[in-house]
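These notes concern the structure reproduced below.
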Ligand SMILES: NC(=O)c1ccc[n+]([C@@H]2O[C@H](COP(=O)([O-])OP(=O)(O)OC[C@H]3O[C@@H](n4cnc5c(N)ncnc54)[C@H](OP(=O)(O)O)[C@@H]3O)[C@@H](O)[C@H]2O)c1
């Protein structure tokens, strides 16, 4: 694949670039300023900030290629740009591209429906000191799943810790009377996110002809790819 990569110099972008090149894919960086062009592109991947996401969405439309964005804490203009791109091309926008968090979310979804009302829910997340947003996009997604699944769920309490170079830890605590449940995912390396985004890019490029423009969630990608997860 030939990949247009927004945020190529960042922590995530540089890992995407390394793994993509190891896999034999070509990378075209989308610079913050200045001009760029590439005749043949298959897909755009974005791990940047809102302004970068807007640039990536515009580039995906200009080149008529699918867009995969992992950027979190998008502002309104970036959300609008994603929505506009989805009118023209397939778009996947997710706060977490790791297999483990995907499976944790599925387990939480199944569990939330059966949780009695007296259970309270807390989401604790720990990340490196450079992370701009808190709570993380993944923490908000986990809270959304609890809110959608649990009958009369109270507000989910967030706890965010920033320090050092912690890659990403998410823990959901469901606390009842006399017992509590804990679900934890620990990211040991950024390659899990990069590999996930690249697997989805490969899937979108492989199925490009049969995919209508629009927003695709991870569950829909399972059906398109015919696998148990969107990553395999
Ligand atoms: N979905 C997931 O699985 C996942 C996993 C991890 C992180 N993330 C998210 O990915 C994003 C990036 O994280 P990170 O740790 O890699 O951040 P980072 O190290 O700060 O890198 C951000 C990158 O974006 C570039 N950038 C910023 N504004 C831009 C613009 N207007 N146009 C083009 N490029 C622009 C930066 O370029 P400069 O070098 O010029 O500043 C830099 O290369 C964050 O939102 C983070 O939460 C998502």
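The values are calculated or read from the model by the stated rules, or taken from the named source; none is laboratory data. Quick caveat: nothing in here was measured; it's all calculated off a predicted structure. Here the Cβ positions follow ideal geometry from the backbone for every residue, glycine too, while neighbour counts run over all protein chains shown.
Could you check region 62-87 and list, in sequence order, the residues that are more than 13 Å from the chain's Cα centre (by Cα) and surrounded by 16 or more Cβ atoms within 10 Å (Cβ to Cβ)? First the steps, then the outcome.
Keep residues of region 62-87 that are more than 13 Å from the chain's Cα centre (by Cα), which gives 62-66, 75-87.
Within region 62-87, 63, 65, 66, 78, 81, 82, 85, 86 meet the criteria.
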**Message:** When the residues of region 23-44 are narrowed to those that are without any contact (Cβ under 8 Å) to a residue 12 or more places away in the chain and over 23 Å from residue 208 (Cβ atoms), which ends up nearest to the chain's Cα centre (by Cα)?
**Reply:** 31
**Prompt:** Across region 107-130, what is the total count of residues that are surrounded by fewer than 18 Cβ atoms within 10 Å (Cβ to Cβ) and within 16 Å of the ligand (Cβ to nearest atom)?
**Reply:** 3
**Request:** Scan 14, 50 and give me the residue that is surrounded by fewer than 23 Cβ atoms within 10 Å (Cβ to Cβ), without any contact (Cβ under 8 Å) to a residue 12 or more places away in the chain and within 9 Å of the ligand (Cβ to nearest atom).
**Result:** 14
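Conditions (1) closer than 15 Å to residue 102 by Cα; (2) in the same structural domain as residue 108 (by TED's automatic domain parsing); (3) touching a helix residue (DSSP H, G or I) at 6+ places or on another chain (Cβ under 6 Å); (4) surrounded by 13 or more Cβ atoms within 10 Å (Cβ to Cβ), marked per residue:
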{"residue": "141", "(1), (2), (3), (4)": "yes, yes, no, yes"}
{"residue": "178", "(1), (2), (3), (4)": "no, yes, no, no"}
{"residue": "197", "(1), (2), (3), (4)": "yes, no, no, yes"}
{"residue": "203", "(1), (2), (3), (4)": "no, no, yes, yes"}
{"residue": "209", "(1), (2), (3), (4)": "no, no, no, no"}
{"residue": "220", "(1), (2), (3), (4)": "yes, no, no, yes"}
**Message:** All but one of (1) outside any helix (DSSP H, G or I); (2) without any contact (Cβ under 8 Å) to a residue 60 or more places away in the chain; (3) within 21 Å of residue 220 (Cα to Cα) hold for residue 121; state the number of the condition that does not hold.
**Reply:** (3)
**Asked** Of (1) outside the structural domain of residue 169 (by TED's automatic domain parsing); (2) at pLDDT 95 or above, residue 230 satisfies all except one. Which?
**Response** (2)
